[in-house]
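The values are calculated or read from the model by the stated rules, or taken from the named source; none is laboratory data. Note that the coordinates shown come from a computational prediction; the quantities given were computed from them, not determined experimentally. Glycine gets a Cβ as well: all are built from the backbone with ideal geometry, and neighbour counts include every protein chain shown.
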Amino acid sequence: MGREQWQAALRNPVGAVAAGLLVVLAILAVVAPIVWGDAAEETDPAALSQGSTSEHVLGTDTLGRDILLRVLVATRYSLGLALLATAICVVAGVILGVLPAVLGRRAGRLVTAAVNLAVAFPGLLLALFFAVIFGVGARGAVLAIGLAGAPSFARLVQTNVAAVAGRDYVAAARVAGVGRFRLIARHLLPNIGEPLVVNATVMAGTALLSFAGLSFLGLGVQPPAYDWGRLLGEGLDRIYINPAAALAPGVAVIVAGLAFTLLGESIAQVVGVRAVRRRTVPEPAPQEAAVAEAEPDAVLAADDLRVAFPAPGGGWTHPVDGVRLTVRRGETVGIVGESGSGKSLTALAVAQLAPDAAHVTAQRLEVAGVAPLGRTGAEVRELLGTKVAMVFQDPMTSFNPSMRVGRQLAEVTRVHERQGRRAALARAVDRLRTVRVPAPERRAHQYPHEFSGGMRQRAMIAMGLMSTPELIIADEPTTALDVTVQRQVLRLLKDVQADTGAAVVLISHDIAVVAQLCERVVVMYAGRVVEEVPVERLGQAAHPYTRALLASVPDLATDRDRPLATIAGRPPDPADRPEGCAFAPRCEFADDACRVRPGLAAVAPDQRAACWHPRSQPLNLALDAVTGGQA
Amino acid sequence: MRELSFEGTTVRFGTGRSALTAVDGVDLTVPAGSVVGLVGESGSGKSTLAKAAVGLVPTAGGEIRLDCAPLRTRRDRRKLQLVFQDPHASLDPRMTIGESIAEAVPVRRRRAARTAEVARLLELVGLNPARARSLPSGLSGGQRQRVALARALAAEPEVVLADEITSALDVSVQGSVLNLVRDLQRRLGLTMLFISHDLSVVRYVSDVIAVMYLGRIVEAGPADAVLSAPRHPYTRTLLDAAPAFGVALDDPVPADDPRLDAEAPSPHDPPLGCRFHRRCPIGPLTRPERTICAETDPQPGAADRPHRAACHFAAEILEVPGR
């Protein structure tokens, strides 16, 4: 956990209060016994078992000692014992937890089984059992509480170690010859620190409560020593005479316990276990140009589309920063860009699927004749549910794994067209046949995991075809697939487009894939469109970025004796984009003019580039023969 | 640098009905100082083969040798270094890149010598040595992959295995990493097994290309020969499917034949005979007289065929037009 994260934990009001309480308790634990230690031991025969008086605010006990002072002085002992027990618990837990990773497979399993057995045993019973073994008294109770908590902590460590041990960097360290113990100390433990810190903090609160419980039962601290639990026990005898005598140590236990637990919770929140939602709205974007007239047959028209996320340091970042995109009915358009260019987020925003934290704005956004911005989720689902189909990159996570494929497809029809189960299932089988899934009747009754990657992607397309979509958005639909399967899926998309007349938007990082399927290519860089070009004019791409992308991909004809073309530098962070053209720092043609942001301007019929220095000479690539995408 | 050879290497996962032979008797030689490119689809066992070589998964049979000496102990296996696919996952987020690289430097060195070595390696992979103190989170994907390469070289390996090292990178970065790999290989005379699903990438860096399908090598030979005159129909299918400018989706290729299975068979239950026969454009589904493909495994005798092809009809030259 970095320093910023700790600071963030403390900025959170709950965390700040909890931390403040703990600081007060710590000061008390140090100071109180020094200042009031003797006074708290002082017996006053003139004031035995008194209620609240001006001299003794919370009254006195049976020997005439001041209860308020005793509660304050007991802070050190109560907290000290609880922390000691927590330390024992953490140390024993970590040792037990990493043992399986150190020992061989068989011995490791034995340890795991033993820990699991111990976890199943009730903690308090275990503590009582240990208290009997170690003898009644503070030492016995510390050991009992510490060891009783160890199994569950060990299990936490085991689970986290197992997760980290599967990571590539642990495998890389093993390949590099790093020994077992060093592996644990350098790679495993540091990377599971966060959940352990959270749990240890919460556990300290629990230990405090358990300790109070044991002392209250007479199994913990023995007289003349005293902690909050014992004070509570003594006070409870006289609760009808002087309620404060019982309540004061009780309140102390609760406050200290809460302080630990809440601090743990707010740390957990900061390290990402629980997300905090912010709901403010970013500044409206400056009005740039007048909104152009929409083309009459556009199935998707977006103007100045922006997607903003709250930035960690306050303010907003715009991963999608003013995108203009028009897709005509029946057109196939490819969006190309590197990771972080905002291409997927653009698609998600268009389909109204942007993450909750995102704030989507646009001067105009019309999808299939519907303007979805400003409408409620239910309205959008009603209007767009049957008109837009989405195909995602990972077909494994886009299906519900516990539902048969046929039923998942049928659900679309049942929800949107309120058809009967039988009719919907029949249509699902029919659509699976359309996308050439073999034996569709049988496969409709299978679960998604019984489908291969390519078949799952076909089923995903079939799901889009359950109604009559006007727009199919495919976000990296073939990235997880092999080339042979990729070809099948792309051909299928092409057939579906031809049969249904739906427009297809294909998003990909691979310009060669896009060129095969699409009529028009939209190139995105740093959240904006930098070029729109018909696929047959890719050889005359005008924007230096498009040209660099085309040149940097090796194909089966690349000269092996020459280094590949590369683009120096890296794409800018969305929070830190340069003024003007975002590509300028990596561009060999950049000059002072590029400090002003270029707009998309026509460089040829149907070709527009956002560049002050568009290139005009043809690229030195075998591109003149590009015919892909020509229907 | 020495020669790495796999002899009948077999890797099995699971037991009983869920058992899976991920690598099935692979014979493959990576000659000293050369780059062997291994291509295949996901699930073909190419990554598993690399992991078996470095000891991350146990082998169930066969032997892996370095210049005829079988690799048995951990110390032996340190002479092989693996570079992983995802540079975001293969560097410990809590360690500076200098520490990550230093960890792989053989232990006998002194501290000062190690620091100097780290600086030298960073320079070698084209990074500023002053960055040794930065954490991986401050680096781009391409830079991280350079660090991963430096770490592999730090262990003074005899053979470097690169497992899909560019597939997690953006295309604009992929080029610079491939240039680096090629440059390092030529300057240091590295022996490399370069694994990728992308034929164009493999072609760019490799001297020899081996094609893997369902746990077996189905074809291996000099890169140019394999690409221009593939002897196994699966290689041909891969070449035909590779997206390229100037090639339209509508141009029919033999593998588009609707009579063929569209799906790869399950590795849990590979088909009898030739494992590729249900997807083969020149197999029994298109030429019914070729029953031998469904009955007899073509693997035995592969060594005598051109390109060691596991195909009964490897003698038929499958020229790729226009390449």
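Only one of B:Arg74, B:Arg78, B:Arg110, B:Arg94 is at pLDDT below 90, over 30 Å from B:Val226 (Cβ atoms) and either among the hydroxyl-bearing types (Ser, Thr, Tyr) or in contact with a Gly (Cβ under 6 Å, 6 or more places away or on another chain) (or both); which? Explain how you work it out, then say what you get.
Working: B:Arg74 fails: either among the hydroxyl-bearing types (Ser, Thr, Tyr) or in contact with a Gly (Cβ under 6 Å, 6 or more places away or on another chain) (or both); B:Arg110 fails: either among the hydroxyl-bearing types (Ser, Thr, Tyr) or in contact with a Gly (Cβ under 6 Å, 6 or more places away or on another chain) (or both); B:Arg94 fails: either among the hydroxyl-bearing types (Ser, Thr, Tyr) or in contact with a Gly (Cβ under 6 Å, 6 or more places away or on another chain) (or both).
B:Arg78 is the lone residue from the list that is at pLDDT below 90, over 30 Å from B:Val226 (Cβ atoms) and either among the hydroxyl-bearing types (Ser, Thr, Tyr) or in contact with a Gly (Cβ under 6 Å, 6 or more places away or on another chain) (or both).
For B:Val177, the conditions (1) out of contact with any Gly (no Cβ under 9 Å at 6 or more places or on another chain); (2) surrounded by 22 or more Cβ atoms within 10 Å (Cβ to Cβ); (3) not assigned by TED's automatic domain parsing to the domain that holds B:Cys293 all hold with the exception of (1).
Of the residues that sit in the stretch A:473-487 and are within 13 Å of chain B (Cβ to nearest Cβ) and in contact (Cβ under 8 Å) with a residue 40 or more places away in the chain, which one is surrounded by the fewest Cβ atoms within 10 Å (Cβ to Cβ)? That would be A:Thr479.
Give me the residue from the stretch B:103-126 that is within 14 Å of chain A (Cβ to nearest Cβ) and assigned to a helix (DSSP H, G or I) and, out of that set, farthest from the chain's Cα centre (by Cα).
Let us first name the residues in the stretch B:103-126 that are within 14 Å of chain A (Cβ to nearest Cβ), namely B:103-109, B:114, B:117-118, B:121, B:126.
If we keep only those that are assigned to a helix (DSSP H, G or I) as well, we get B:103-104, B:114, B:117-118, B:121.
Working: B:Glu103: 25, B:Ala104: 23, B:Arg114: 31, B:Glu117: 28, B:Val118: 27, B:Leu121: 24 Å.
Going through the qualifying residues, I end up with B:Arg114.
Rundown of residues vs (1) without any contact (Cβ under 8 Å) to a residue 40 or more places away in the chain; (2) under 23 Å from B:Arg279 (Cα atoms); (3) more than 14 Å from chain B (Cβ to nearest Cβ), yes/no style:
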residue	(1), (2), (3)
A:His416	no, no, yes
A:Ala423	yes, no, yes
A:Glu441	yes, yes, yes
A:Tyr447	no, no, yes
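Per-residue answers, yes or no, for (1) over 30 Å from B:Leu272 (Cβ atoms); (2) at the interface with chain A (Cβ under 8 Å from one of its Cβ atoms):
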site: B:Val177; (1), (2): yes, no
site: B:Leu184; (1), (2): yes, no
site: B:Gly189; (1), (2): yes, no
site: B:Phe194; (1), (2): yes, no
site: B:Val201; (1), (2): yes, yes
site: B:Asp207; (1), (2): yes, no
site: B:Leu214; (1), (2): no, no
site: B:Ala220; (1), (2): no, no
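Going by the structure shown, is A:Val115 touching a helix residue (DSSP H, G or I) at 6+ places or on another chain (Cβ under 9 Å), modelled with pLDDT of 85 or more and surrounded by fewer than 15 Cβ atoms within 10 Å (Cβ to Cβ)? Break it down stepwise before answering.
Working: touching a helix residue (DSSP H, G or I) at 6+ places or on another chain (Cβ under 9 Å): yes; modelled with pLDDT of 85 or more: yes; surrounded by fewer than 15 Cβ atoms within 10 Å (Cβ to Cβ): no.
Taking the combined requirement at face value, the residue does not satisfy it.
Of all the helices (runs of 4 or more DSSP H) wholly in the stretch B:136-247, which have at least 2 residues that are within 25 Å of A:Thr484 (Cβ to Cβ)? Before you say what the answer is, go through the steps one by one.
On the way: elements: B:141-154, B:171-188, B:199-205, B:223-228, B:233-241.
In the stretch B:136-247, the matching helices (runs of 4 or more DSSP H) lie at B:171-188, B:199-205, B:223-228, B:233-241.
Apart from one condition, B:Ser266 fits all of (1) in a loop (DSSP other than H, G, I, E, B); (2) under 28 Å from the mean Cα position of the chain (by Cα); (3) crowded, with 16+ Cβ neighbours inside 10 Å; the exception is (3).
Would you mention how many residues in the stretch A:378-423 are of a type in the set (Gly, Ala, Ser), out of contact with any strand residue (DSSP E or B) (no Cβ under 6 Å at 6 or more places or on another chain) and within 20 Å of A:Glu470 (Cα to Cα)?
Step one: of the stretch A:378-423, the residues of a type in the set (Gly, Ala, Ser) are A:378, A:385, A:389, A:398, A:402, A:406, A:410, A:420, A:423.
From what is left, the residues that are out of contact with any strand residue (DSSP E or B) (no Cβ under 6 Å at 6 or more places or on another chain) are A:378, A:385, A:398, A:402, A:406, A:410, A:420, A:423.
If we keep only those that are within 20 Å of A:Glu470 (Cα to Cα) as well, we get A:378, A:385, A:410.
Of the residues in the stretch A:378-423, 3 are of a type in the set (Gly, Ala, Ser), out of contact with any strand residue (DSSP E or B) (no Cβ under 6 Å at 6 or more places or on another chain) and within 20 Å of A:Glu470 (Cα to Cα).
Among all positions in the stretch A:573-581, there is at least one residue which is away from chain B (no Cβ under 14 Å) and at pLDDT 85 or above.
Scanning the stretch A:556-575 for residues that are in contact with a Lys or Arg (Cβ under 9 Å, 6 or more places away or on another chain) and either β-branched (Val, Ile, Thr) or within 12 Å of A:Ile511 (Cα to Cα) (or both) yields A:Thr558, A:Ile567. Set side by side, the residues B:Pro93, B:Pro129, B:Pro70 differ, and just one is at the interface with chain A (Cβ under 8 Å from one of its Cβ atoms), surrounded by fewer than 22 Cβ atoms within 10 Å (Cβ to Cβ) and either at positive phi or not hydrophobic (A, V, I, L, M, F, W, C) (or both), which is B:Pro93. Among the conditions (1) within 12 Å of chain B (Cβ to nearest Cβ); (2) touching a strand residue (DSSP E or B) at 6+ places or on another chain (Cβ under 6 Å), A:Val513 misses just one, which is (2). Cβ-Cβ distances below 6 Å connect the following pairs, each with a first residue in the stretch B:283-299 that is surrounded by 13 or more Cβ atoms within 10 Å (Cβ to Cβ), a second residue that is of a type in the set (Asp, Glu), and a separation of six or more residues or different chains: B:Thr286/B:Asp257.
For the structure I just gave you, tell me whether B:Gly43 is within 14 Å of another protein chain (Cβ to nearest Cβ) and touching a helix residue (DSSP H, G or I) at 6+ places or on another chain (Cβ under 6 Å). Spelling it out, it is not the case that B:Gly43 is within 14 Å of another protein chain (Cβ to nearest Cβ) and touching a helix residue (DSSP H, G or I) at 6+ places or on another chain (Cβ under 6 Å).
Only one entry of B:Pro306, B:Pro252, B:Pro243, B:Pro300 meets the criterion of being modelled with pLDDT of 85 or more and closer than 29 Å to A:Thr558 by Cα, and that entry is B:Pro306. Taken as a whole, the condition of being assigned to a strand (DSSP E or B), surrounded by 19 or more Cβ atoms within 10 Å (Cβ to Cβ) and more than 10 Å from chain B (Cβ to nearest Cβ) does not apply to A:Val496. Where strands (runs of 3 or more DSSP E) fall wholly inside the stretch A:322-398, the ranges with 1 or more residues that are within 26 Å of the chain's Cα centre (by Cα) are A:332-336, A:359-361, A:388-391. Selection within the stretch A:33-55: residues that are of a type in the set (A, V, I, L, M, F, W, C) and not in a loop (DSSP other than H, G, I, E, B). The member of this set that is farthest from A:Trp228 (Cα to Cα) is A:Ala46.
If you scan the stretch A:194-224, which residues turn out to be out of contact with any Gly (no Cβ under 9 Å at 6 or more places or on another chain) and in a helix (DSSP H, G or I)?
Here is the first cut: in the stretch A:194-224, the ones out of contact with any Gly (no Cβ under 9 Å at 6 or more places or on another chain) are A:195, A:223-224.
Passing the criteria: only A:Pro195.
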